[in-house]
Amino acid sequence: MARPLPRPPDGRHSSKITSEIFATALQRRHGYYISSAKYVYDAKEAAGETVTIGMRKGDQLANGSKDIPCEHNIRHNGTMYAAANMVRARACGKLVLGDKANPQTTFHLNEGHVTDMCEIGGDLQSQRDVHYEVKVPSALTKTRQAGQGSAAHGGCCASLGHKFGFGNTLDQTLLKVLGCKERGHKSQGPLVHATGKGWVKEHKGQYYDALHVKNGIVKICLVESQGGIAPPTKRIIFNFAKEVGSPSAVDRTDYGTASGSARGFAQHHSQQLSRAAVCGDAQNINNAARNMRVAHSFMTGLNVPPPCARAF
């Protein structure tokens, strides 16, 4: 996993982290209570409401709830721009960014789902279009999949983050984005993960049109909200590093000028991706905490004190 926080600033805007975001990111990473939500949770608890340890550590603020809406686009967009910079650093084709507000701009590239990024003719050998789908999920959610499936829909993914790295996020993302072929027969019953036997129903992913109709290539850029970079994404980074390392290649990466700045392609872009996800998650938590303080003040008429970044 990349180290997003121990990274010296080098004068570039992308290397700077505000104190509020830095404090929340540290608290989230090490399991401390989130200081920006401390006072409102204290007030809620004093009023007799149930406040759990997970809530104080930011799980509800990061993932959202019925009472506390959150904006996941903050961490997603930041990570997508970091990924776009990585692709542009060695791009051999035009990079097109998708726009969910105007899906028609990329409709001809993948019907049914707005692509995050598409490098037109990006594959060096075949000149096929290369799609990049960016996902920044949280592994710390209340929902959990047992993986038992059903007789009607076959087997399903299981939440195994307590046993394997990315066990709560990677399988679900692969199924959602790439889909899967049918496996086994319906008469066998749903897939049993312990034995590997059973039926899995065919599932068409978000990029079915790009893969099977337009013969494109789809790559997944998955970075968990706490900075972990999934193995498929690490392979992309290392393959890019190998490409730019050849004598005839051009590396357009904007490396930092400080003595401690990363000099290698893989290290630099791994840090950028991890930092974008972590800081985006921290900003999302701070925004949700601010909205919760405002809502609680209107509901109770109390003047909730401002957050203290050092009140761990």
Can you tell me, using C-alpha contacts under 8 Å and at least 6 residues apart, the relative contact order of the chain as a whole percent? 28 percent
For Thr79, Thr105, ascending order of other Cβ atoms within 10 Å (fewest first) is Thr105, Thr79
What longest range of the chain stays clear of loop-exposed GluC sites (Glu not before Pro) (DSSP non-H/G/I/E/B, at most 15 other C-beta within 10 angstrom)? 203-312
Testing the spin-label approximation: label points 7 Å from Cα along Cα→Cβ at Asn291 and Lys234. State their distance in nm. 3.4 nm
Starting from the Cα gyration tensor of the range 222-264, multiply each eigenvalue by 5, take the square root, and state the resulting semi-axes largest first in whole Å. 22, 17, 7
Report, in whole Å, the centroid distance computed from the Cα atoms of the range 184-232 and the range 74-152. 15 Å
Got a sec to turn the phi values of the range 94-102 into Karplus ³J(HN,Hα) couplings, 6.51 cos²θ - 1.76 cosθ + 1.60 with θ = phi - 60°, whole Hz, x for Gly and Pro? 6, 9, 10, 9, x, 9, 5, 6, 9
The range 82-163, convex hull of Cα, quarter of hull surface, nm² -> 8.9 nm²
What are the residues whose amide H is under 5 Å from the amide H of Gly147, where those residues sit 5 or more places off or on another chain and H is modelled from the backbone? Ser159
Going toward the positive end of the dipole of the chain, with +1 on Lys and Arg Cβ and -1 on Asp and Glu Cβ, which of Thr105, His268, Met292 do you reach last? His268
Taking 261-274, 167-180, 88-101 and ranking on average Cβ neighbours within 10 Å, highest first, one gets 261-274, 167-180, 88-101
Suppose a student asked you for the relative contact order of the range 30-101, using Cα pairs under 8 Å spaced at least 6 residues apart; what percent would you report? 19 percent
Per residue of the range 158-168, what does 6.51 cos²θ - 1.76 cosθ + 1.60 with θ = phi - 60° give for ³J(HN,Hα)? Whole Hz please, x for Gly and Pro, Karplus curve as stated. 10, 7, 10, x, 7, 10, 10, x, 6, x, 9
Length-normalised contact order of the range 193-306 in % [C-alpha pairs under 8 Å, at least 6 apart]: 21 percent
Ellipticity estimate at 222 nm from DSSP helix runs (n ≥ 4, -39,500 (n - 2.57)) divided over the chain, nearest 500: -11000 deg cm²/dmol
Beyond 22 Å between alpha-carbons counts as too far, so tell me which of Lys100/Lys176; Lys38/Lys163; Lys135/Lys204 fall in that bin. Lys38/Lys163
Return the label of the correct value of percent of Cα pairs over 25 Å apart, as calculated from the structure shown, out of (1) 52; (2) 57; (3) 77. (2)
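All of the numbers you see were taken from the coordinates with simple rules; none came from a lab. Not measured: the values here are computed from a predicted model. Backbone-built Cβ (ideal geometry, glycine too); neighbour counts: all protein chains shown.
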